[in-house]
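J.: Here you go, one structure.
The values are calculated or read from the model by the stated rules, or taken from the named source; none is laboratory data. The structure presented is a predicted model; accordingly, all values stated were derived computationally and were not measured. Here the Cβ positions follow ideal geometry from the backbone for every residue, glycine too, while neighbour counts run over all protein chains shown. Heads up: the accessible areas ignore ligands, DNA and RNA and are worked out on the full protein's heavy atoms, side chains in. Shrake-Rupley method; radii C 1.70, N 1.55, O 1.52, S 1.80 Å.
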Number of protein chains: 2
Amino acid sequence: MAEVDGAIKRDGGPTLVQAMNARFEGPMELNSGHVLPGFDLSYETYGRLDRDGENAVLVCHSLTKGAHAAGRHIAQDAHSGWWDRAIGPGHMLDTDRYFVVCSDVLAGGASTGPASADPATGCPYGADFPVVTIEDMVNAQRRLMQHLGIVRLHAVIGGCFGGQQALQWAISHPDAVRNAVVIGTGPDTSAHTIAIFSVMRHLIRNDPNFNDGDYYAGPGPVRGLANALVAAVPLWMSRDAMGRRFARRTMAGQPPRYTLEPEFAVEAFLNSIANQPRPAIDPNSLLYLMRAEEYFDLPGRYGSLEAALKSVSARTLFVSYRTDWRYPSEETDRMHQVLLRQGTHSHHAVLDSPLGHGGFIYEVESLAPEVVPFLAEEDT
Amino acid sequence: MAEVDGAIKRDGGPTLVQAMNARFEGPMELNSGHVLPGFDLSYETYGRLDRDGENAVLVCHSLTKGAHAAGRHIAQDAHSGWWDRAIGPGHMLDTDRYFVVCSDVLAGGASTGPASADPATGCPYGADFPVVTIEDMVNAQRRLMQHLGIVRLHAVIGGCFGGQQALQWAISHPDAVRNAVVIGTGPDTSAHTIAIFSVMRHLIRNDPNFNDGDYYAGPGPVRGLANALVAAVPLWMSRDAMGRRFARRTMAGQPPRYTLEPEFAVEAFLNSIANQPRPAIDPNSLLYLMRAEEYFDLPGRYGSLEAALKSVSARTLFVSYRTDWRYPSEETDRMHQVLLRQGTHSHHAVLDSPLGHGGFIYEVESLAPEVVPFLAEEDT
């Protein structure tokens, strides 16, 4: 199969990668009871799959990211993929060694989801697309791994929403996962995170152009999405991180002017996010992905955390951030302790990144010393 | 003067109070250099001023509250004032002992501010009202105290935005303050709080009905204000408080339905705030009050925290909440340590309320054991 060859080119210029897509026919039953007649998943790969199909590392993306984790699609792209610093030759996920796959999720912007045509009508599903869960997303990715010829994942890795997927992989498909790296994730999604997502949902749905999700023929809730993304900033960027980056500096570096107009550097940063020219994600897609994260509840789904983690056989590395007040270390540690009690190899690294919850994306240098030896199984 | 008699009636029914207003003529220079030709302040009083004019306690309100701190205006009012549990006979601020005054601030909804007529045009100021600071607000309140015949405040007390006022009182008018209770306040406003306020500002100003603040002839930015107030909820209500109050309960108390429609109890709570029928505050007023809080910066204004607090002679009680991540205890403690070093009576109580920053409003029972003996000067 052509697509098992990794798409990374090394010619001295920017690393070029190709977005790919796989179509899966046949019914796919969801947690909700709905059945999808088939589905598409978009994905990217970096590096090369070994002959025995056992050197693959699946990267699960966080909420507003997607399958484009590394490299550029064309040399002129303004930015590389969202985890470019983690993926590449000699990087934390070393493409000389591993075949790295980053898969979009069901309902993600480039895969089957609310923007896809409903076979019943020929028109985009919009809000008629069924709600999908983390478990549904992982089951779909399992089909992709088989399609790619991956016999067993050397590892699955992800943070936050991606960490929920990594955990679910180890629970639902223990025979298919050798190592799991679960970052910034707890046993369930808190009322507080549901509240944050409710705010974002409110801002998107109350845009007059939202039209109950049926907006693909019009401009769509561009303003509502921008509002939702800007409202989330003080929730993912910690107080300390903002203090370090902006302090109380004024934009002009001058004493305060006593004005309602933009005055502080942090205010200019927020305004730049609010006024981004191009929406980063389809608003409907964001609504479905948030909902999947909200429904993540291991004790609720399996009866108890112990029951949820009983099937896990993967060596597991948990990473949490001491300053992450959305997914606190103590909650991560509850999962680690359950695995230890049941005799599963587990390690919990608590890192000190001032970024808190966003640490795994931007501070690869503090993550790598934990992840690299764990993936190399040097401690086995 | 009639208004020095407290307005509390005790007839077995609800405690009835009266909103009052005082007009001050003559120029008032602001920190910005602008001069107001005169101003109005609205206020309420509870209890009775002693003959010597030394038993008054000034309550400084927090951001979206106002002068209506206790009792009801008419028996049919749905709610009592915002600190009703703290103010009354035998309460923490005992109206049998103290003459309690709650004063609105400049730019507050019921006093001179953006909704007032600009003498130059006869039309509401809107965004042409000058930006006012905490210092300006306190200077205006000082005129009100003189007007009421208060010789020296027995105490000034407030939390957050109100705590900034209490602190500024002790700094600007040391001879007029005997005791200061400063709750949930730091030496300056953080980049993170400026970011939160920038989000709220963005949501209000981007409402098409905002019309650059000149909306008093139309419906005004009702939706934008509701958006701003709902966006702020996950920022003042802590993760723990939300977890305790809502956990992952569904609205129906049933297993999840896998729907985009409201499902979780916390989501219903957010929606109820988003869909409040009547705006709680004039949107322009909120913009000015947030700005005043943002400009609060003792080290910046006075050169250093030591220089800022040098004039303070009031016995000072700082209260902070261990779980308040917006105004952390460590920052409160810096002020306490400076006062101790300069030989000023200071005490810092760190409380454990799960509510965090909102603790002072809702958990009067944990605040009272610190405040009551401090106001009685039992430790002197």
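J.: Within region B:95-152, can you find the residues that are more than 14 Å from chain A (Cβ to nearest Cβ), outside any loop (DSSP other than H, G, I, E, B), touching a residue at least 24 places away in the same chain (Cβ under 8 Å) and open to solvent by 10 Å² or more (accessible area, probe 1.4 Å)?
T.: B:Pro124, B:Asn139, B:Arg142, B:Arg143, B:His147
J.: Still on this structure, please answer the following. Taking region B:270-299 only, how many residues are buried (at least 19 other Cβ atoms within 10 Å of the Cβ), farther than 30 Å from B:Ser32 by Cβ and not aliphatic (A, V, I, L, M)?
T.: 0
J.: Looking only at region A:224-236, how many residues end up being surrounded by fewer than 21 Cβ atoms within 10 Å (Cβ to Cβ) and at the interface with chain B (Cβ under 7 Å from one of its Cβ atoms)?
T.: Counting residues in region A:224-236 that are surrounded by fewer than 21 Cβ atoms within 10 Å (Cβ to Cβ) and at the interface with chain B (Cβ under 7 Å from one of its Cβ atoms) gives 1.
J.: Ok, one more. When you scan region B:64-82, do you find a residue that is modelled with pLDDT of 90 or more, surrounded by 17 or more Cβ atoms within 10 Å (Cβ to Cβ), touching a Cys at 6+ places or on another chain (Cβ under 7 Å) and of a type in the set (A, V, I, L, M, F, W, C), even just one?
T.: yes
J.: Go through (1) touching a Gly at 6+ places or on another chain (Cβ under 8 Å); (2) open to solvent by less than 10 Å² (accessible area, probe 1.4 Å); (3) over 19 Å from B:Thr64 (Cβ atoms) for B:Asp240 and report which single condition fails.
T.: (2)
J.: Working carefully through the options A:Ala231, A:Ala265, find the one that is out of contact with any Ser or Thr (no Cβ under 8 Å at 6 or more places or on another chain) and not β-branched (Val, Ile, Thr).
T.: Exactly one of A:Ala231, A:Ala265 is out of contact with any Ser or Thr (no Cβ under 8 Å at 6 or more places or on another chain) and not β-branched (Val, Ile, Thr), namely A:Ala231.
J.: Among the residues of region B:162-186, what is the count of those that are crowded, with 22+ Cβ neighbours inside 10 Å and in contact with a strand residue (DSSP E or B) (Cβ under 8 Å, 6 or more places away or on another chain)?
T.: Number satisfying all stated conditions: 16.
J.: Restricting attention to region B:153-168, does a residue exist that is under 18 Å from B:Arg291 (Cα atoms) and either within 11 Å of another protein chain (Cβ to nearest Cβ) or part of a loop (DSSP other than H, G, I, E, B) (or both)?
T.: So far as region B:153-168 goes, yes, one or more of its residues are under 18 Å from B:Arg291 (Cα atoms) and either within 11 Å of another protein chain (Cβ to nearest Cβ) or part of a loop (DSSP other than H, G, I, E, B) (or both).
J.: Test of understanding: among A:Thr323, A:Thr316, which residue is in contact with a Pro (Cβ under 9 Å, 6 or more places away or on another chain) and β-branched (Val, Ile, Thr)?
T.: Step by step, each of A:Thr323, A:Thr316 is checked, and only A:Thr323 is in contact with a Pro (Cβ under 9 Å, 6 or more places away or on another chain) and β-branched (Val, Ile, Thr).
J.: What's the total number of residues in region A:182-211 that are in a helix (DSSP H, G or I), more than 10 Å from chain B (Cβ to nearest Cβ) and out of contact with any Pro (no Cβ under 7 Å at 6 or more places or on another chain)?
T.: Residues that pass the stated criteria total 1.
J.: Further question: Could you tell me which numbered condition A:Glu44 fails, if it satisfies all but one of (1) in contact with a strand residue (DSSP E or B) (Cβ under 8 Å, 6 or more places away or on another chain); (2) open to solvent by 10 Å² or more (accessible area, probe 1.4 Å)?
T.: (2)
J.: Okay, next question. Within the set of pairs 6 or more residues apart or between chains, which connect a residue that is modelled with pLDDT under 95 inside region A:367-380 to a residue that is surrounded by fewer than 19 Cβ atoms within 10 Å (Cβ to Cβ) with Cβ atoms less than 7 Å apart?
T.: Here the result reads A:Asp379/A:Pro373, each pair linking region A:367-380 to a residue that is surrounded by fewer than 19 Cβ atoms within 10 Å (Cβ to Cβ).
J.: Here's another thing I want to ask about it. Determine whether A:Gly358 is in a loop (DSSP other than H, G, I, E, B), assigned by TED's automatic domain parsing to the domain that holds A:Ala180 and open to solvent by 10 Å² or more (accessible area, probe 1.4 Å).
T.: no
J.: In this structure, is B:Gly218 open to solvent by less than 20 Å² (accessible area, probe 1.4 Å), under 22 Å from B:Leu203 (Cα atoms) and either touching a residue at least 24 places away in the same chain (Cβ under 8 Å) or of a type in the set (Gly, Ala, Ser) (or both)?
T.: Answer is no for this residue.
J.: Helices (runs of 4 or more DSSP H) wholly in region B:237-347 with at least 2 residues that are of a type in the set (Asp, Glu) and either in contact (Cβ under 8 Å) with a residue 24 or more places away in the chain or more than 14 Å from chain A (Cβ to nearest Cβ) (or both) - which ones?
T.: Helices (runs of 4 or more DSSP H) meeting the threshold: B:283-295, B:329-341.
J.: Which one is modelled with the lowest pLDDT among residues in region B:50-63 that are out of contact with any Asp or Glu (no Cβ under 8 Å at 6 or more places or on another chain) and crowded, with 22+ Cβ neighbours inside 10 Å?
T.: B:Ser62
J.: Name the single residue that is nearest to the other protein chains (Cβ to nearest Cβ) among those in region B:15-35 being loosely packed, with under 11 Cβ neighbours inside 10 Å and within 20 Å of B:Met145 (Cα to Cα).
T.: That would be B:Pro27.
J.: Another question about this same structure. Looking only at region A:253-269, which residues are open to solvent by 60 Å² or more (accessible area, probe 1.4 Å) and acidic (Asp, Glu)?
T.: Correct list: A:Glu261 only.
J.: Across region B:27-46, what is the total count of residues that are outside any strand (DSSP E or B) and either of a type in the set (Gly, Ala, Ser) or within 27 Å of B:Ile87 (Cα to Cα) (or both)?
T.: Of the residues in that region, 2 qualify.
J.: Could you tell me whether A:Pro208 is on the phi < 0 side of the Ramachandran plot, open to solvent by 10 Å² or more (accessible area, probe 1.4 Å) and outside the structural domain of A:Arg326 (by TED's automatic domain parsing)?
T.: Considered against the rule, which asks whether it is on the phi < 0 side of the Ramachandran plot, open to solvent by 10 Å² or more (accessible area, probe 1.4 Å) and outside the structural domain of A:Arg326 (by TED's automatic domain parsing), A:Pro208 comes out as yes.
J.: Just one of the numbered conditions (1) at pLDDT below 95; (2) under 22 Å from the mean Cα position of the chain (by Cα) is not true of B:Pro37; which one?
T.: Unmet condition: (2).
J.: When you scan region B:195-254, how many residues do you find that are under 19 Å from A:Ala228 (Cβ atoms), in contact with an Asp or Glu (Cβ under 7 Å, 6 or more places away or on another chain) and among the charged types (D, E, K, R)?
T.: Total satisfying the criteria: 1.
J.: If I filter region A:315-325 for residues that are of a type in the set (A, V, I, L, M), surrounded by 15 or more Cβ atoms within 10 Å (Cβ to Cβ) and out of contact with any strand residue (DSSP E or B) (no Cβ under 9 Å at 6 or more places or on another chain), do I get at least one hit?
T.: no
J.: Restricting attention to region B:300-309, report how many residues are surrounded by fewer than 15 Cβ atoms within 10 Å (Cβ to Cβ) and closer than 15 Å to B:Ser346 by Cβ.
T.: 1
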